[in-house]
1. Given H placed on each backbone N at 1.01 Å, which residues far from Lys52 in sequence or on other chains put an amide H within less than 5 Å of it?
2. What is the sum of charges, Lys and Arg at +1 and Asp and Glu at -1, for the other residues whose Cβ falls under 15 Å from the Cβ of Glu10?
3. Please give me the summed charge of the neighbours of Ala63: other residues whose Cβ is under 15 Å from its Cβ, Lys and Arg +1, Asp and Glu -1.
4. What is the magnitude of the charge dipole of the chain about its Cα centre, with +1 placed on the Cβ of each Lys and Arg, -1 on the Cβ of each Asp and Glu, and no other charges, expressed in debye to the nearest 20?
5. So what is log10(I(q)/I(0)) for the chain at q = 0.06, 0.09, 0.12 1/Å, when the Debye sum runs over its Cα atoms only?
6. Can you list the lysines whose alpha carbon sits under 30 Å from that of Lys45, skipping same-chain ones fewer than 8 residues off?
7. Could you tell me what fraction of 2.2 N^0.38 Å the Cα radius of gyration of segment 228-369 comes to, as a two-decimal ratio?
8. Quick one: Debye curve from the C-alpha atoms of segment 242-321, no solvent, what's log10 I(q)/I(0) at q = 0.20, 0.25 Å⁻¹?
Amino acid sequence: MQEHPHGHVENTAELEAFYRDLDSMSTTALWLLLADQMPETPKPKAVPFLWKYSRIRPQLFRAGELVRPEQANRRVIVLVNPGLKEQASATRNLNANVQMVLPGEIAPAHRHVASALRFIIEGGGAYTAVDGEKTLMYPGDLVMTPNWSWHDHGNETDGPMIWQDGLDMPMVNALDAPFFEAYTGMQQGYTRPVDASAREYGRGGLKPTWEKWDKPYSPMLNYSWDQTRETLHRLAKDSPGTPHDGVSLEYVNPQTGGPIMPTIGANIQLLRPGEHTQAHRHTMDVVYQAVEGSGCTIVNGIRFNWEKNDIFVIPKWCLHEHANASKTADACLFSYNDAPAMRALALYREEGLVDNDGYQEVNSVFQPL
Ligand code: GTQ
Ligand code: FE2
């Protein structure tokens, strides 16, 4: 490698004066910026990080005493990556938030161009409504709230309902394209039967011929945990999976076989007892939530131990490998990513670690806050 891949200009008094003159006319010299702005490989400001669910949960209940969704719009705790304090998000392109709706509450209807998904953590039977259809939510369900769809949440059960929200809001804002609209009234009109889309599109390989769906995202509102889990565990019995992610399945749009939304993709993966995957890296941000079992993920040489419901992030181009801590039980990880957006822009890259049989050296263990 050259010593200065971006070139190098030795500073002089004349150049200093030149830079000041450029600055005074709101310009600058590219050679001052090049090393920073065109690094040879991605240098994310975001850091690999993990939030313990056991620490987040009590704060959600505190928020439950302090604010109601009728005032706050959404009772949501935002996971802030220490490298991204200014934009207050979990990764450069994705928000990872945790939301709670208590019995009797309604989070009022609105829409925005930021796309969202929900991964259900606790409770059972509260609803999210999207464009006229309600779905009842249970732990492990993946619920979609795509770009510009009306949505409200309500809890008519007698227990709290908690889920993770994943949004592409930071990406939408980086592109200066946010729009938001509040609905007139708390709840939208419900025009379709509860969970209609799951009945129409939720049978792999069959879809109704009369439904004309031309939106750029999946018509499925809820990918139920029952079906996901059954498929995952069935495949894990006799499929090799991938060397980097174990038995990893993508949630897909049944119309296209492609990702569920144009900007956000989602996966569920299973690590078999004792399984330890090889390290790779890619140009997507990934937010993980542990769903079953326990294990660790090694990111850039740091070991992140996780157990059920913990949330952790892997920023772009960070080497990572996963290991199931148990020799007898499966471990499952849900994740979502910005790969569909990166692929659409021809920015997606991926590579495996070849040294040391694909395993990183572990230098430290992450200490959660
Ligand atoms: O539930 O509609 O975490 O609009 C952030 C923005 C949740 C929601 C978030 C939102 C929502
Ligand atoms: Fe929303």
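We did not get these values from a lab; they are worked out from the coordinates using the rules stated. Keep in mind the model is a prediction, meaning the values are calculated, not measured. Cβ atoms come from the backbone with ideal geometry, glycine included; neighbour counts cover every protein chain shown.
1. Leu369
2. Numbers: positive: none; negative: Glu3, Glu14, Glu16.
Its environment carries a net charge of -3.
3. Details: positive: Arg55, Arg57, Arg62, Arg68, Arg74, Arg75; negative: Glu65, Glu70, Glu105, Glu122, Asp165.
Counting the neighbours of Ala63, the net charge comes to +1.
4. Details: 32 positive and 45 negative charges, 194 e Å.
Taking the Cα centre of the chain as origin, the dipole is about 940 debye.
5. Listed by q, the Debye log ratios stand at -0.26, -0.56, -0.93.
6. Cα-Cα hits under 30 Å: Lys85, Lys308, Lys316.
7. Values: Rg = 14.7 Å, N = 142, 2.2 N^0.38 = 14.5 Å.
Relative to the rule-of-thumb radius for its length, segment 228-369 sits at 1.02.
8. At q = 0.20, 0.25 Å⁻¹ the computed log10 ratios are -0.99, -1.42.
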